[in-house]
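Trainee: I am attaching a structure below and will ask some questions about it afterwards.
The values are calculated or read from the model by the stated rules, or taken from the named source; none is laboratory data. Computed from a predicted model, the values in this text were never measured in an experiment. Heads up, the Cβs are rebuilt from the backbone with ideal geometry, glycines too, and the neighbour counts pull from every protein chain shown. Calculation scope for accessible area: heavy atoms of the full protein, side chains included, ligands and nucleic acids excluded. Shrake-Rupley method; radii C 1.70, N 1.55, O 1.52, S 1.80 Å.
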Amino acid sequence: MTAPTIRDDLRQWQQALRAQFPIVTGHPELAYLDSAATTQKPQAVLDAAQTYLTTSNANAARGTYTWANRTTELVERTRERVARFLGDDRPERSAVHFTSGTTEGLHTIARDWLPGFLRDGDEIVVPDADHQANIAPWREAQRLLAREGVHVRVLPMPYQSGSGDYDHRALAERAGPRTRFVAATHVHHVYGGDMNVQRIRRAVGPDAVICLDAAQSVGHLPVSVAELDVDFVVFSGHKALALPGTGAVWARQARGPAFTPGGWSGTPNTVGIASLEAALDWLDAAGMERVERWTVALAARLTEGLRHLDAYEILGCPLSLAADSAVQRRQGIVTLRHRAIDSGDLGFILFSHGFMVRSDNHCQGDAGEKTGSVRVSLHVYNTVEEIDRLLSVLASLQ
């Protein structure tokens, strides 16, 4: 077996970036392979949080003194920063609302926006094999509307057999003129595949609203809302190198009523917002194209090695396993099962060798996998050597 090569200049670029993560460099004996759950933080993000808390900590939009004004400016500046990072070419029309993460963002849309958009007899599409955070809010909205006498039909998102990809042809056949809203995922949190959301627009037509769960794409690969004809993009800051408890909803404000979160707006997570601004600056400086190239290359190296180990099953598109595959679309997430060892036990075994992975059913919906598995998820601080060492340990368990 010949492992896929990674260019020397890309290796040097990665080494310089890895050195900026104190928790990673401080524990060279450990390999953190759970970035789909949360990412580690570079020194620039830690410094931004420390600087904010020691120089400007105050509440936003609730004072006229210097610290309060600086915090208000920080919040508004970071809204603009999010729009730029997402490639928004019409920021004067769109809106950015800060949340605690993807889960709260999707719930906010389902609770405060969707009921005013739907009418009796409308249809919504729900991806029942994706993350529960992109399923439960829409089902709850359906139940709440039914109590008000508004009956909405839920159409399950169709999937291709064996790959976990959306079946866009079946979606086009299933959707009709009353299909008003589609919930979709940009990168699948188990299968690691780009879900080709641009094809959803062609399948459901120009008027349906598309809400994109981008928890596994923002901060991991370039995302351009100018190219993706979607109406909402929701992501978690902690999965994009920022601190926990921060995220955002980007709303295009083109189809349906304007997105305005309901209720009283309390104190925002200002230190989290400061960390998010720093994280987006850091990622832009690193180059999102290179970040994606690195993690995809590591995933290709891992799947190339795993396909030669008969003891393992790799979840997702089987055609994307070879490093030279024309359909290689695993965005830094590889999920596997051992054919004889329980996934929970495999997780413990791997940790005994210094590998930190996720081992369970990954909060997948009812239409997803029923058996647990081990997920390896990568970011820019992971190395070729970690992947090769992981493959060596997995091979020893054959």
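Trainee: Looking only at the range 224-251, filter to residues that are open to solvent by 30 Å² or more (accessible area, probe 1.4 Å) and over 16 Å from the mean Cα position of the chain (by Cα); which one of those is nearest to V197 (Cα to Cα)?
Mentor: D229
Trainee: Next question, about the same structure. If a residue has to be farther than 21 Å from L17 by Cα and of a type in the set (D, E) to count, how many in the range 287-325 make the cut?
Mentor: Of the residues in the range 287-325, 4 are farther than 21 Å from L17 by Cα and of a type in the set (D, E).
Trainee: Quick check: is even one residue across the range 276-290 open to solvent by 10 Å² or more (accessible area, probe 1.4 Å), more than 27 Å from L74 (Cβ to Cβ) and out of contact with any helix residue (DSSP H, G or I) (no Cβ under 6 Å at 6 or more places or on another chain)?
Mentor: Checked the range 276-290: at least one residue is open to solvent by 10 Å² or more (accessible area, probe 1.4 Å), more than 27 Å from L74 (Cβ to Cβ) and out of contact with any helix residue (DSSP H, G or I) (no Cβ under 6 Å at 6 or more places or on another chain).
Trainee: I would also like to ask the following. With respect to I124, determine if the residue is outside any strand (DSSP E or B), touching a residue at least 12 places away in the same chain (Cβ under 8 Å) and of a type in the set (A, V, I, L, M).
Mentor: On the way: outside any strand (DSSP E or B): no; touching a residue at least 12 places away in the same chain (Cβ under 8 Å): yes; of a type in the set (A, V, I, L, M): yes.
Here the answer is no, as I124 does not meet what is asked.
Trainee: Within the range 1-43, work out how many residues are acidic (D, E), at pLDDT 95 or above and open to solvent by 30 Å² or more (accessible area, probe 1.4 Å). Step through it out loud before you land on a result.
Mentor: To start, the set of residues in the range 1-43 that are acidic (D, E) comprises 8-9, 29, 34.
Remaining after also requiring at pLDDT 95 or above: 29, 34.
The next check asks that each one be open to solvent by 30 Å² or more (accessible area, probe 1.4 Å); those that pass are 29.
Number satisfying all stated conditions: 1.
Trainee: Kindly provide the set of residues from the range 52-103 that are surrounded by 13 or more Cβ atoms within 10 Å (Cβ to Cβ), hydroxyl-bearing (S, T, Y) and either under 20 Å from the mean Cα position of the chain (by Cα) or not in a loop (DSSP other than H, G, I, E, B) (or both), ordered by number.
Mentor: Y52, T71, T72, T78, T99, S100, T102, T103
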